[in-house]
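Contents: one structure, followed by commentary.
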Amino acid sequence: MVLRTLRRSDAASEQFSNSILDSLSEAIVVVDGSGLIHYANLSAEQFFGVGRARLVNHPLSEFVPEETPLFSLLEQVLATGGAVAENGVTLASPRIGNRFCALRLSPIVESDGLVAVSLVEQSIARNIDRQMSHRSAARAVSALAAMLAHEVKNPLSGIRGAAQLLEQSVPDSERELTTLICEETDRIVALVDRMEAFADGRPIERGPLNIHQVLNHVRRIAENGFGKNVRFVESYDPSLPDVYGDRDQLIQVLLNLVKNACEVPGDGEREIELSTAFRHGLRLALPGQQARVNLPLVVSVRDNGRGIADEMRPHLFDAFVTNKPTGTGLGLALVAKIVNDHGGTIEYDSEPGRTVFRVMLPMQMPQANS
Ligand SMILES: Nc1ncnc2c1ncn2[C@@H]1O[C@H](COP(=O)(O)OP(=O)(O)O)[C@@H](O)[C@H]1O
Ligand SMILES: [Mg+2]
């Protein structure tokens, strides 16, 4: 393979190099000492959201503000001639939004003054790890839920029936106790019912779905109940294609996210933004699948609450993890399970005053029906 490429003509080998660069998931740009862009690969187009023609021969500062660490790293590379790497750099501009990136800058050997810059968005990389842990958490809960449904619900209905029979023969003064038995067994049954949503076996009924209708439905439910005092803001991309999903289950996902967003304490007027977007080029490798899947539809729920508590973060999507006095800790575990069942993925960013949960979903495609 290598030998064959070496013998290719110059034009063919240039094309070959370009196609290698275009198949990388890192965004690569080549800049000179004055910050002018000389080259951009396909992922760079996606990263900056503009075509190559708008990138090449334009200053990098049109896309990334000059006060970001990227430019000081660039100066460092030019001054020392050595490569530098930095993780966790935030690049923010109106054009590219807020990006959390790993940067690698290397001088290009035979071209004086040119530097290759690679940018990798870290929320995506970190998300793949998190995705794996959601999956195993969801599996553990599925098994537990199936066990509870069989082993707990049946005896409970026996206990309740017996208490009802007793109720007729005990004196009034003790009826309070039989009522207590009935109420408490009902409470356990309700909890087990909620957990049964996790038990595997319920087929998901997927079809083309307008996600905006789902969001409007969720918003209506919230506004008439737990979200009465919250201001809802919508930022929808009306050109979004259909999602390939199960309507009831996606309502459940968004309802759980919106409910959490309403419940978190915060200062001032509470606001929740529901938004949808099409994100080019988000490809993820999912466990058990060879191919990388394309998850271009992004549905986000943003709130202005005080943010996710640090101690909650490592196990946020696990079942029974909660810091609310009456919480069940089942909301996000169910969200993770349903999103996984849809072949999608979920990630979050949270800081005081701004928490965003993003659900990435596959879109409806003809071959998806098979
Ligand atoms: N939007 C949010 N802002 C801050 N914390 C959140 C948010 N969403 C979820 N959390 C945290 O995640 C925990 C788990 O959520 P969830 O699984 O829905 O269970 P529950 O709502 O019953 O506590 C919550 O107790 C809360 O601490
Ligand atoms: Mg919840």
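Suppose the filter is closer than 25 Å to TYR348 by Cβ, out of contact with any strand residue (DSSP E or B) (no Cβ under 6 Å at 6 or more places or on another chain) and buried (at least 16 other Cβ atoms within 10 Å of the Cβ); does PHE71 pass it?
Answer is no for this residue.
Sub-7 Å Cβ pairs linking a first residue in the stretch 255-273 that is within 12 Å of ARG306 (Cα to Cα) to a second residue that is near ligand 1 (Cβ under 9 Å from one of its atoms) and of a type in the set (Lys, Arg), at least 6 apart or interchain, are GLU263/LYS324; VAL264/ARG306; PRO265/ARG306; GLY266/ARG306, ordered by first then second residue. Would you check if THR322 is surrounded by fewer than 19 Cβ atoms within 10 Å (Cβ to Cβ) and within 7 Å of ligand 1 (Cβ to nearest atom)? Yes. Comparison of VAL359, VAL335 shows that the only residue that is touching a strand residue (DSSP E or B) at 6+ places or on another chain (Cβ under 7 Å), closer than 17 Å to LYS259 by Cβ and within 11 Å of ligand 2 (Cβ to nearest atom) is VAL335. Taking every residue in the stretch 38-66 that is within 19 Å of GLU121 (Cβ to Cβ) and assigned by TED's automatic domain parsing to the domain that holds PHE278 and pairing it with any residue that is buried (at least 19 other Cβ atoms within 10 Å of the Cβ) and among the small types (Gly, Ala, Ser), at least 6 positions away or on another chain, yields no pair with a Cβ-Cβ distance below 6 Å.
Tell me which residues, restricted to the stretch 191-214, are farther than 17 Å from LYS259 by Cβ, of a type in the set (Val, Ile, Thr) and either surrounded by 14 or more Cβ atoms within 10 Å (Cβ to Cβ) or in contact with a Ser or Thr (Cβ under 9 Å, 6 or more places away or on another chain) (or both). Of everything in the stretch 191-214, those that are farther than 17 Å from LYS259 by Cβ, of a type in the set (Val, Ile, Thr) and either surrounded by 14 or more Cβ atoms within 10 Å (Cβ to Cβ) or in contact with a Ser or Thr (Cβ under 9 Å, 6 or more places away or on another chain) (or both) turn out to be VAL192, ILE211.
Please go through the stretch 333-356 and pick out each residue that is part of a strand (DSSP E or B) and of a type in the set (Gly, Ala, Ser). Selection gives SER350 alone. Hey, any hits in the stretch 203-210 for a residue that's outside any helix (DSSP H, G or I), over 30 Å from LEU24 (Cβ atoms) and modelled with pLDDT under 80? Taking every residue of the stretch 203-210 in turn, at least one turns out to be outside any helix (DSSP H, G or I), over 30 Å from LEU24 (Cβ atoms) and modelled with pLDDT under 80. Considering each residue of the stretch 215-228 in turn, at least one proves to be assigned by TED's automatic domain parsing to the domain that holds VAL264, among the β-branched types (Val, Ile, Thr) and within 24 Å of LYS259 (Cα to Cα).
For the stretch 274-293, enumerate the residues that are buried (at least 17 other Cβ atoms within 10 Å of the Cβ) and modelled with pLDDT of 90 or more.
Result: LEU274, SER275, THR276.
Can we say LEU240 is within 21 Å of the chain's Cα centre (by Cα) and under 30 Å from GLU269 (Cβ atoms)? For LEU240, the condition - within 21 Å of the chain's Cα centre (by Cα) and under 30 Å from GLU269 (Cβ atoms) - is met.
A count restricted to the stretch 297-318 and to residues that are touching a residue at least 24 places away in the same chain (Cβ under 8 Å) and either within 8 Å of ligand 1 (Cβ to nearest atom) or not assigned by TED's automatic domain parsing to the domain that holds LEU361 (or both) stands at 8. Kindly provide the set of residues from the stretch 327-367 that are more than 8 Å from ligand 1 (Cβ to nearest atom) and over 21 Å from VAL243 (Cα atoms), ordered by number. Passing the criteria: ASP349, GLU351, PRO352, GLY353, ARG354.
Put simply, of ARG219, ARG194 the only residue that is out of contact with any His (no Cβ under 8 Å at 6 or more places or on another chain), among the basic types (Lys, Arg) and within 30 Å of ALA163 (Cα to Cα) is ARG194. Residue count for the stretch 248-271 under the criterion of being more than 13 Å from ligand 1 (Cβ to nearest atom) and assigned to a loop (DSSP other than H, G, I, E, B): the result is 3. Every listed requirement among (1) at pLDDT below 95; (2) touching a strand residue (DSSP E or B) at 6+ places or on another chain (Cβ under 6 Å) is met by ASN304 save one, (1). Tally up the residues in the stretch 167-190 that are in contact (Cβ under 8 Å) with a residue 12 or more places away in the chain and either under 30 Å from GLN364 (Cβ atoms) or loosely packed, with under 14 Cβ neighbours inside 10 Å (or both), please. The number of residues fulfilling the criteria is 2. Among what's in the stretch 236-272 and is over 18 Å from GLU347 (Cβ atoms) and among the polar types (S, T, N, Q), pick the residue that is nearest to ligand 2 (Cβ to nearest atom). Step by step, filter the stretch 236-272, then rank; the result is GLN252. Of all residues in the stretch 309-332, those that are within 12 Å of ligand 2 (Cβ to nearest atom), on the phi < 0 side of the Ramachandran plot and not in a helix (DSSP H, G or I) total 11.
The values are calculated or read from the model by the stated rules, or taken from the named source; none is laboratory data. All values derive from a computational prediction rather than experimental measurement. As a convention, Cβ positions derive from the backbone with ideal geometry for all residues, glycine included, and neighbour counts pool all protein chains shown.
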